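Asks: Can you keep this structure in mind? I'll have questions shortly.
Just so it is clear, none of the values below were taken in a lab; they were calculated from the coordinates. This structure is a prediction, so every number in the text was calculated from the model and none was measured. Ideal geometry is used to build each Cβ from the backbone, glycine not excepted, and the neighbour counts take in all protein chains shown.
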Amino acid sequence: MKLVLQRVTEGSVTIEGAVKGAIGRGFVALIGFGPDDDETVLAPMADKMLNLRVFEDGNGKMNLSLLDVGGSVLSISQFTLYADCRHGRRPSFSGAAKPDTAAQLYDEFNKIIAAKGVDVQTGEFGAEMHVKIFNDGPVTIILDSDVDLAKKK
C-alpha cells in the first residue's frame, strides 16, 4: 500500500463538474494498493497517517498530528502510484492490485479512518476525477507499507 499525503489548507475533488468531496485543513491522501496488499496493512497504515506529527504547534514546529489538530482527510484512489516506468516511456500498471480488490481495500481503509472520528471525504473509485490540492508548506509525505511497516532488524 502506498500513500502520498499532502498537508493542505483545503482540498476538493470534482467528478463530471460536481464537487464530490471537500475538506479544509488536513490531508489529501492519494492511495494505491499493490497485488500483495490485504486487510492486514490497513489499520497500521491508517494509524501511521493519523498520528504523523507534521502539523505545526504554537511554536511553528511540526509536533502535532492530524488527530491533534482535528483535521480531515480527502481520500483519493490512485492506482498510478504503482506505475512501473523502468522500460520505455509508457508506464505499466501491472504492479497495481486488481480493481475489485483495490476497491474493497480502499473502502475499508476509509471506514477505519472514519471510525477514529476523522471526517473523511472521498472521490469515486475508478472515476475520472479532478483534484484541487492547496498544499500547505508545502508538506508532502510518502508512506509505503513495504517500507514503513517493515520490522527493523
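Asks: Quote the relative contact order of the chain in percent (integer), defining contacts as alpha-carbon pairs under 8 Å separated by 6+ residues. Present the calculation step by step, with values, prior to reporting the outcome.
Replies: Working: 302 pairs, mean separation 56.1, N = 153.
Once normalised by length, the contact order is 37 percent.
Asks: Which GluC sites (Glu not before Pro) does region 46-153 hold that lie in a coil by DSSP with at most 14 other beta carbons within 10 Å?
Replies: Loop-located and lightly packed - GLU124, GLU128.
Asks: Would you kindly state how much longer the chain becomes between ASP146 and LYS61 on full extension, computed as 0.36 nm times their sequence separation minus their alpha carbon distance, in nm to one decimal?
Replies: Roughly 27.8 nm would be gained on extension.
Asks: I would also like to ask the following. Taking the chain as a Gaussian network, where each spring joins two C-alpha atoms under 10 Å apart, which residue of LEU64, LEU42, LEU105 fluctuates the most?
Replies: Comparing LEU64, LEU42, LEU105 in the GNM, the peak value goes to LEU64.
Asks: Between SER72, SER94, SER12, find the one with the highest GNM mean-square fluctuation for the chain; connect C-alpha pairs within less than 10 Å.
Replies: Residue with maximal mean-square fluctuation among SER72, SER94, SER12: SER94.
Asks: Moving on to the next point. Would you mind pulling out the separation of the Cα centroids of region 93-119 and region 16-68, in Å?
Replies: The two parts, judged by their Cα centres, are 13 Å apart.
Asks: Can you give the net charge of the other residues whose Cβ lies under 11 Å from the Cβ of GLU16, counting K and R as +1 and D and E as -1?
Replies: Within the 11 Å Cβ shell, the charges total -1.
Asks: Looking only at the chain, where both bridge partners belong to it, what percent of the DSSP beta bridges are antiparallel (to the nearest 5)? Can you show the working numbers first?
Replies: Values: 26 of 35 bridges.
Of those bridges, close to 75 percent are antiparallel.
Asks: For region 1-64, state which trypsin sites (Lys or Arg not before Pro) are in a DSSP loop and have at most 14 other beta carbons lying within 10 Å of their beta carbon. Present the calculation step by step, with values, prior to reporting the outcome.
Replies: Values: sites: LYS2, ARG7, LYS20, ARG25, LYS48, ARG53, LYS61; in loops: ARG25, ARG53, LYS61.
Passing both the DSSP loop test and the Cβ count: ARG53, LYS61.
Asks: Among GLY34, GLY123, GLY60, which one moves the most in a GNM of the chain with springs linking Cα atoms closer than 10 Å?
Replies: Among GLY34, GLY123, GLY60, the largest GNM mean-square fluctuation belongs to GLY60.
Asks: Before rounding to the nearest 500, sum -39500 (n - 2.57) across all DSSP H runs of length at least 4 in the chain and divide by the residue total; then give [θ] at 222 nm in deg cm²/dmol. Walk me through the numbers before you get to the answer.
Replies: Numbers: 4 runs with 35 residues, N = 153.
That calculation yields -6500 deg cm²/dmol at 222 nm.
Asks: Extension gain GLU39-PHE93, at 0.36 nm per residue separation less the Cα-Cα distance, in nm?
Replies: 17.3 nm
Asks: Here is a follow-up. For Kirkwood radius over Cα pairs in Å, several values are listed as (1) 16.4; (2) 15.9; (3) 15.5; flag the one computed from this structure.
Replies: (2)
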